[in-house]
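The next block holds one structure in the form of C-alpha cells; read it before the comments.
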C-alpha cells in the first residue's frame, strides 16, 4: 500500500465492509458505535485495508460505551510491542503495523478507527502469544487448551488501563526454558544473518581428524558462526583437521541429531550448509509449537520428539532420562497426542495390527515356515487358535484375512522384552525391539507408528518409580520368560510431539530434520498476509 499523509488516511480510514462508508466528519462516538454494532452482528469491518474480525474480547473491552479507550502512553507502548513481536517469531503486519506503527502517531487517540485498530491489535497479539497463531490439525491434539475470551480479559483490561502493554503481553508468553532458549537463539541467528550469514562448505570427500583438506578453513569459519567452535580460537588457514575441529564437529552433530563421529560426511555437510535464513524459519516455527504446549505443563512427564526420534523424561524442569527412539515411517507416521502411562508389560505378546496383515501374508508366501520361525499363532477374532497349516494364505489379502496373527513372547517378538502402555485411540505405545542395530542409524523412521526405545528397561524403572521394581528386578522378571503386567502407581503423562528445533536447560540449540514435512504449513500461517483477512 503506498504511503499517504495522515490527514488523507484519517479522512478515508473508516469504511465498513459491504456497507456505505462512514463519512469522516461524522461524530466520533457515532462512528465507533456503528462499527461496534457491525462487529456485534458478526460482520467484519475494514479500516485502511486492514480487516477487523468480530471478537468477544474486542467487543467486551468497549462494553456499552462507544468512546475511545486508548491513551497516548498505552498507544505508544502498543506500537513498541507490535514492533517487538518479531522477537517471538511473529509478523508485525498481523497487528496492523502498517497503520499503527508506520503512519499513525501515538497521540492521535480520538479517532475511532485508530482506536479500534489498536484494540484489535492488542487482542490479536495477546491471543497469539498465549495460544499460538495457528494450529494445524495434525499437531493440535497435544496442545494445551486455548485460553478463551474470558480468560484473556483481565490481561487486556490491565494493558489498556495501566499502559504497561509490553509487560502484560510478556506475561502471556510461555515461561518454559525451551521458549526462552528459542527466543535467545532467534536473536543470535538474526545477528548472524545481519552479518551476512555463513558461507557454505563445498562438497567433496569426507573430512575427519588428522586429514588435510582445502575446505578446512571454511569449515572452521562455519563452526565459528554457529558457536560450535570456540570464538576465541583463531580461524587460521591450516588445512589440517585437528583435535579442536574434531570436538567442534562432534558438538555440531550432537546439536543436529546426527551420529557424533566427528566425520564431515554427506549428512553432516548437508546440515552445515542449511542457510541461516532457513534455521531462523525453523526456530520461528518451533516458537509457535511452544506457544501451543509449553505452559501449564505437569511437573513430571515423558516426551517423545518424533522429529528428533528421542524419548525424554522431565521432572521439575530437568531432563532425568534421554534415549534414542525409532518412530513411524513417513507412510505410517507416529501420531501426536497426550495420554497417561498406566502399565508395564514384561515379555509381551504382539497382536499384529490388521493394517500389517498384508506384510505378514507376503512373508508367508515367500517362506511357508515364516510363522513357525517367528513364533506366530493364528487366532479367530474370538481368540481360538487355528492350526497354521490349515489356511490357504494365498487366497487372502491383508484386508480380507479373517484371522488374527499373534506373536508369542521370545527373542523374535517385535515388541522385544517389554512394552509401556498408555491407552490411546491410535493403539500406540513405547516398547523394546529385537532390531537393536537400527538405533545406530541417523534417521530412525522404521516403525508402523509405535515408538521403539533404545533403553526401555531403564525407562520402565523410572516410570514405575518403585523401589521393588528397579532395573535389576525388571531384568530378573524378564529372564523368567513369563508375561507379567505391572500397574503404574503414580500418574505420568506421555506427550508425543513433533519439534524440529528446541533448546535444552543450558540454552543449547538443537535442530532436527522435518521428517514429516510439517514446518511449511506453520510458517505459512506465521507469514500469511492479513491485508484481506486471515
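Things to note:
- Across the stretch 198-274, Cα pairs under 8 Å and at least six residues apart give a relative contact order of 38 percent.
- Peptide ranges 481-491, 55-65, 296-306 listed from the most packed, as the mean C-beta count within 10 angstrom indicates: 296-306, 55-65, 481-491
- DSSP bridge orientation in the chain - percent antiparallel, rounded to nearest 5: 85
- In range of the label at residue 83: residues from the stretch 167-181 whose backbone nitrogen is under 16 Å from the point 7 Å along Cα→Cβ: 167
- Euclidean distance between Cα centres, the stretch 452-478 to the stretch 234-292, Å: 34
- Counting only alpha carbon atoms, the long axis of helix 357-366 and the longest principal axis of the chain meet at about 40°.
- Inter-centroid distance (Cα atoms) of the stretch 154-194 relative to the stretch 490-527, Å: 19
- Computed from Cα atoms, the angle from the helix 177-194 axis to the main principal axis of the chain rounds to 70 degrees.
- Packing-based ranking, highest mean first, of 74-87, 281-294 given that Cβ atoms within 10 Å are counted: 281-294, 74-87
- Rounded to 10°, Cα long-axis angle of helix 112-131 versus longest principal axis of the chain: 20
- The chain, relative contact order [Cα under 8 Å, separation at least 6], %: 17
- Listed candidates [x] 63; [y] 71; [z] 55 - label of the one calculated as percent of Cα pairs over 29 Å apart: [x]
- The stretch 78-102 and the stretch 312-368 have their alpha-carbon centroids 44 Å apart.
Read the figures in this text as sums done on the coordinates, not as results from a lab. Keep in mind that this is a model prediction, so the values were computed, not measured. No Cβ is skipped: glycine too gets one built from the backbone with ideal geometry, and neighbour counts run over all protein chains shown.
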